[in-house]
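The values are calculated or read from the model by the stated rules, or taken from the named source; none is laboratory data. Please read all numbers here as calculations on a predicted model, not as lab measurements. All Cβ positions, even for glycine, are placed from backbone atoms using ideal geometry, and neighbour counts span all protein chains on display. The accessibility values were calculated without ligands, DNA or RNA, using every heavy atom of the protein model including side chains. Shrake-Rupley method; radii C 1.70, N 1.55, O 1.52, S 1.80 Å.
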Amino acid sequence: MQCRHWILSVAVAFGCQAMPTTAASKENGDSHVAQQTGRKPIVDESITDRGESDPSQTPSFDQTPSMPKNVPQQGKTAWSSLILGRLREIDKTPFRDELEAGQIQKYADLGHAHAQFVLGCMHAEGLGVPQNDVEAVRWFQRAAEQDFAVAQNWLGSMHQQGRGIRQDDVQAFRWFHRAAQQGLSDAQFNLALCYRRGTGTPQDDFGAVHFLKLAAEQDHRWAQFDLGWMCYERRGGAGNDVDSVNWYRRAAVAGLDSAQYNLGYMYDVGLGVEQDFVEASSWYQKAADQNHVMAQRAIGMMYRDGDGVTQDHSLDVEWFRKSAAQGYALAQESLASMYFHGRGVPHDYHEAQEWYHAAATQGERWSQQKLAWMHMVGRGVSTDEALAFYWVQKAAMQDLSWSQAELGRLYYPGQGVSLDDADALRWFRMAAEQDSPAAQYMIGLMYSEGRGVEADETKAIQWYRKAAKQHYALAQNNLGRAHQKGLGVAQDDLIAVHWYRKAAEQQLPVGQSNLGFMYLHGKGVEADEELAVELFREAAEAGDAEAITVLAQRDEFHRSRRLKRIASMVSTIGASLALVLVMARILRRPKMKTLPTGLSGMGG
């Protein structure tokens, strides 16, 4: 089964339930990466379907519910009722469900804290009055100074976001704290975020956990969710994976899609609970049905792999498409993979390229790497060295070893970019540090040729060995050549044959040709002309120029010898009898031999 890269959803809630969330708050959101083998999770930054690629993007954070701008009046009325409903949870309000601006203004002017808060909300969101953040802050301030907790919480959010007043995290923390001391769960949650992030107060995980628990025990879903995350991260003494599952479950049962997704993840990888794909799929499905983009991709992966559900490529494509349509880069990459391989959809390289491009432009590194390869080989797009260089550089800068090695290769001969040995060597070294055998081989070659470094056959051998141990055929061939020629090591035909054989067994034409040479001349092995010819023919069929030359010269030599022998036979026994003898020899010719097994005990 192909490996899945998963994402845990991270709470980034700002303000109370109805407070709009700013773009800045999204950028400041926390994310966490679960250190788990198998399905390796990536949190709030994408991958993918790592079977085909391996598969990061703009962070995508979950938000507390907020009312968008320019909603229809019907929606505003419903939201207004939400305000009043929220007020009734804290204290009785004398107002009717309908918000009448004149009535609210009258009570606010008389100093009624409830009315002042509601009037502030009306100005903040443009409900029945022109939208005006400055006026909103003024009315929140008046209500807050009367210790009206909800107004204090909103005033803290206005300070935090710089709406209608100068941005001030210290003042925001002060107002959140005053409201939290009165037991308001929204304020307790916002105060916990201040402690967790260190905004307006020194960073303090223990303080964050304290207020999260206060809010969570009042069934604040986002506080429960964040506690699950703090337990998962082992921060602030919150607890462990079992505790994380318990808090996620409470929020998930309450319908929070992000908690449903994360609870599905915990079941998927077996953290805090016994691994259970059926349960994981169930929670992913609940979140996906609420349009949670990460969950939509996750349930798609479950259908793709048949984990917890019956494998169904048509359904995995459907869920990938829903998530991808919302701009989720990992889902776009997964959908691209389905088109690339023709699973659940017709095989379509052009459509695959479109979705890889959508993900790549969001910074998803595996899609960038895939696009680079497609432009190199002309798969789904025209061959374009400049675009190949552009995308492979993007992926290389995100630490993908294949792209780093490929970027070095482009600099090495100056393909799609100016020849630059120093840059080539730099990228090869970066890839080699990640154990890329291709990069290790190229560093060895640069030492051998003295390009970008002082020529040093001993160092070349060291790099060839690293790559050869990873079964890299070109490095195995070069080790054979080094031992045959005594370059950087003692000359040893036996060891040369050992490495040539390993390269030949991987169908490397130059390795087959070199091994053929050793058999032809009996170097390191017993001479075997027929086996040598067989190796030369295999190499020649793959286009090896040296093997083609050797075969051509050999055929010419033997043709001349055969003609002389036949002429001698004709003059001696006659033409008819000579033809019979020639045909008999052809029929007695043995079949090609198989390649002998490698020599035992041979070290590199």
Selection within region 465-518 - of a type in the set (Val, Ile, Thr), in a loop (DSSP other than H, G, I, E, B) and buried (at least 22 other Cβ atoms within 10 Å of the Cβ) = none
Looking at this structure, is Val273 part of a loop (DSSP other than H, G, I, E, B) and modelled with pLDDT of 95 or more?
-> yes
Within region 252-267, the count of residues that are open to solvent by 10 Å² or more (accessible area, probe 1.4 Å) and within 15 Å of Ala216 (Cβ to Cβ) comes to 2
Gln462 passes all but one of the listed conditions (1) within 25 Å of Ala360 (Cβ to Cβ); (2) surrounded by fewer than 16 Cβ atoms within 10 Å (Cβ to Cβ); (3) at pLDDT 95 or above; the exception is number (1)
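Conditions tested, residue by residue: (1) of a type outside the set (A, V, I, L, M, F, W, C); (2) farther than 17 Å from Val118 by Cα; (3) part of a loop (DSSP other than H, G, I, E, B).
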{"residue": "Val150", "(1), (2), (3)": "no, no, no"}
{"residue": "Gly156", "(1), (2), (3)": "yes, no, no"}
{"residue": "Phe173", "(1), (2), (3)": "no, yes, no"}
{"residue": "Ala179", "(1), (2), (3)": "no, no, no"}
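Residues checked against (1) farther than 20 Å from Lys485 by Cβ; (2) among the aliphatic types (A, V, I, L, M):
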site: Ala396; (1), (2): yes, yes
site: Gln404; (1), (2): yes, no
site: Arg409; (1), (2): yes, no
site: Pro413; (1), (2): yes, no
site: Tyr441; (1), (2): no, no
site: Leu445; (1), (2): no, yes
site: Gly450; (1), (2): no, no
site: Thr458; (1), (2): no, no
site: Arg465; (1), (2): no, no
First in region 319-334 and charged (D, E, K, R), second anywhere and open to solvent by 10 Å² or more (accessible area, probe 1.4 Å) and in a helix (DSSP H, G or I), Cβ under 9 Å, 6 or more apart = Lys322/Val293; Glu333/Trp355; Glu333/Ala358; Glu333/Trp366; Glu333/Lys370
Residue selected from region 392-408 under the condition small (Gly, Ala, Ser) and touching a Leu at 6+ places or on another chain (Cβ under 9 Å), by the criterion farthest from Ile443 (Cα to Cα) = Ala395
